[in-house]
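**Q** Got a structure for you, questions after.
The values are calculated or read from the model by the stated rules, or taken from the named source; none is laboratory data. Remember, it's a predicted structure, so these values are computed and weren't measured experimentally. We place every Cβ from the backbone using ideal geometry, glycine too, and count neighbours over all the protein chains shown.
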Number of protein chains: 2
Amino acid sequence: MPKNCNFIGKLREVGLRPTKQRIKMCEVLYNREKTFHFTINDLVKMISEKMNEKISLATVYNTVHAFEKKGYLKEISIDSHKSYFDTNTSAHHHFFDEDTHELIDCDESDIDKINIRKNITGKKINSVEVLVRVAGDNQTQK
Amino acid sequence: MPKNCNFIGKLREVGLRPTKQRIKMCEVLYNREKTFHFTINDLVKMISEKMNEKISLATVYNTVHAFEKKGYLKEISIDSHKSYFDTNTSAHHHFFDEDTHELIDCDESDIDKINIRKNITGKKINSVEVLVRVAGDNQTQK
DNA sequence: AATCTACATTATAATAATTCTAAACTATTG
DNA sequence: CAATAGTTTAGAATTATTATAATGTAGATT
């Protein structure tokens, strides 16, 4: 996804019709300096705050999933209760702050390359992701 | 959790009352050679098949969470739709077969030790876990 | 530019997973 | 063996997500 605009073209390129809602969502997600993490709920709030028109919850789900399928978003599973999505679709690892429930990207340099010595026979490795759970020094768990 | 029996004592040790249901659940989960993974649904089925008495779904949830809190079970997040639990509570990594949705433990030797070079300030690392997603060579995603 | 068609959006209903509730039950303590 | 604090239970409630079916719209065709 580009740093700035021409979302219409980008959507068309991957075969998604550039509807008003999809363009709006692109603006909210990608017109910013840094990539970020969000839940569907976060996104609904962000859109309804930034925009003056309503957007249906179903549309947000549909569109997020459409974007995910096309590689514009990545889903991250940390918590069985929440689905997080990441606008950073490149392979990278995460810290998860168990106090604040905040998800933080690792820089490339934060974690050495993972060496997988063995694989499941007949299978191809699709991804290797590390999750580092952290918390304040006092209370350990949620 | 022990290889065999005295679940009553073990439950008492951590301050859980050894009720009929909890002892049954221990038997189903820990009277076996190898550790394994399950969802709440799997477990309900297993219990209702192995036992002749009914167990309430709520009890299974309560008991699984009680066991988790006491370190008898570990939750694994892979899929936002399903909660997996693991009777292997030691630190270890996983393969996840995206074709079959099967979760497979990594042996200690399968993955080199992960080296975390940087951490979030003021936080302690609670766990470092790797998830290796694999799939058949043909179709890549679900 | 009007029409057509396939795809999108929408509000709402349906489903699924999990948690809550409050009444009945039971393991432990005294 | 009575008291009580923790447990189980069925079912209701809640939450997240997906399905439905009617309406709307983008893009191609005239």
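**Q** Among the residues of region A:62-76, is there at least one that is within 25 Å of B:D86 (Cα to Cα), within 14 Å of DNA strand C (Cβ to nearest atom), in contact with a strand residue (DSSP E or B) (Cβ under 6 Å, 6 or more places away or on another chain) and in the same structural domain as A:Q21 (by TED's automatic domain parsing)?
**A** For region A:62-76, residues within 25 Å of B:D86 (Cα to Cα), within 14 Å of DNA strand C (Cβ to nearest atom), in contact with a strand residue (DSSP E or B) (Cβ under 6 Å, 6 or more places away or on another chain) and in the same structural domain as A:Q21 (by TED's automatic domain parsing): absent.
**Q** Condition check: surrounded by 19 or more Cβ atoms within 10 Å (Cβ to Cβ), within 16 Å of DNA strand C (Cβ to nearest atom) and within 17 Å of the chain's Cα centre (by Cα). Does B:I40 satisfy that?
**A** no
**Q** Out of B:E49, B:E75, I need the residue that is without any contact (Cβ under 8 Å) to a residue 24 or more places away in the chain and assigned to a strand (DSSP E or B). Which one?
**A** It is B:E75.
**Q** Right, B:E102: surrounded by 11 or more Cβ atoms within 10 Å (Cβ to Cβ), more than 27 Å from A:S109 (Cα to Cα) and more than 7 Å from chain A (Cβ to nearest Cβ) or not?
**A** Considered against the rule, which asks whether it is surrounded by 11 or more Cβ atoms within 10 Å (Cβ to Cβ), more than 27 Å from A:S109 (Cα to Cα) and more than 7 Å from chain A (Cβ to nearest Cβ), B:E102 comes out as yes.
**Q** When A:V14 is evaluated against the numbered criteria (1) within 16 Å of DNA strand D (Cβ to nearest atom); (2) within 14 Å of another protein chain (Cβ to nearest Cβ); (3) surrounded by fewer than 16 Cβ atoms within 10 Å (Cβ to Cβ), which criterion, by number, is the only one it fails?
**A** Exception for A:V14: condition (2).
**Q** Out of (1) more than 7 Å from every other protein chain (Cβ to nearest Cβ); (2) more than 22 Å from the chain's Cα centre (by Cα), the odd one out for A:N119 is which?
**A** (1)
**Q** Okay, next question. Conditions first: (1) within 12 Å of DNA strand D (Cβ to nearest atom); (2) closer than 20 Å to B:R17 by Cα; (3) more than 14 Å from every other protein chain (Cβ to nearest Cβ). B:H65 passes all but one, so which condition is the exception?
**A** Status for B:H65: all satisfied but (3).
Okay, residues lined up against (1) surrounded by fewer than 17 Cβ atoms within 10 Å (Cβ to Cβ); (2) more than 29 Å from A:L16 (Cα to Cα):
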site: A:I55; (1), (2): no, no
site: A:K69; (1), (2): yes, no
site: A:F85; (1), (2): no, no
site: A:T89; (1), (2): yes, no
site: A:H94; (1), (2): no, yes
site: A:N115; (1), (2): yes, yes
site: A:N119; (1), (2): yes, yes
site: A:S127; (1), (2): yes, no
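**Q** When region B:1-20 is examined, which residues are found to be among the polar types (S, T, N, Q), modelled with pLDDT under 95 and within 14 Å of DNA strand C (Cβ to nearest atom)?
**A** Of everything in region B:1-20, just one residue is among the polar types (S, T, N, Q), modelled with pLDDT under 95 and within 14 Å of DNA strand C (Cβ to nearest atom), namely B:N6.
**Q** Okay, next question. Restricting to region A:52-72, name every residue that is of a type in the set (G, A, S) and touching a residue at least 12 places away in the same chain (Cβ under 8 Å).
**A** Answer for region A:52-72, where residues must be of a type in the set (G, A, S) and touching a residue at least 12 places away in the same chain (Cβ under 8 Å): A:A66, A:G71.
**Q** Let me ask something additional. What are the residues in region B:28-61 that are charged (D, E, K, R) and either within 11 Å of DNA strand D (Cβ to nearest atom) or modelled with pLDDT of 95 or more (or both), if any?
**A** B:E53, B:K54
**Q** Is it fair to say A:E33 is within 16 Å of DNA strand C (Cβ to nearest atom), loosely packed, with under 15 Cβ neighbours inside 10 Å and away from chain B (no Cβ under 14 Å)?
**A** Taking the combined requirement at face value, the residue does not satisfy it.
**Q** Continuing with the same structure: Just need a number here: residues in region A:78-99 that are part of a loop (DSSP other than H, G, I, E, B), among the hydroxyl-bearing types (S, T, Y) and more than 8 Å from every other protein chain (Cβ to nearest Cβ).
**A** Of the residues in region A:78-99, 3 are part of a loop (DSSP other than H, G, I, E, B), among the hydroxyl-bearing types (S, T, Y) and more than 8 Å from every other protein chain (Cβ to nearest Cβ).
**Q** Further question on the same structure: Which one is farthest from the chain's Cα centre (by Cα), of the residues in region B:17-26 that are in a helix (DSSP H, G or I) and surrounded by fewer than 16 Cβ atoms within 10 Å (Cβ to Cβ)?
**A** Ranking the qualifying residues of region B:17-26, first place goes to B:K20.
**Q** While we're looking at this one, here's another question. So, B:T63, is that one in contact with a Ser or Thr (Cβ under 9 Å, 6 or more places away or on another chain) and more than 28 Å from B:A135 (Cβ to Cβ) or not?
**A** It is true that B:T63 is in contact with a Ser or Thr (Cβ under 9 Å, 6 or more places away or on another chain) and more than 28 Å from B:A135 (Cβ to Cβ).
**Q** Taking region B:100-116, which residues are part of a loop (DSSP other than H, G, I, E, B) and either hydroxyl-bearing (S, T, Y) or over 20 Å from the mean Cα position of the chain (by Cα) (or both)?
**A** B:T100, B:D112, B:K113, B:I114, B:N115, listed by residue number.
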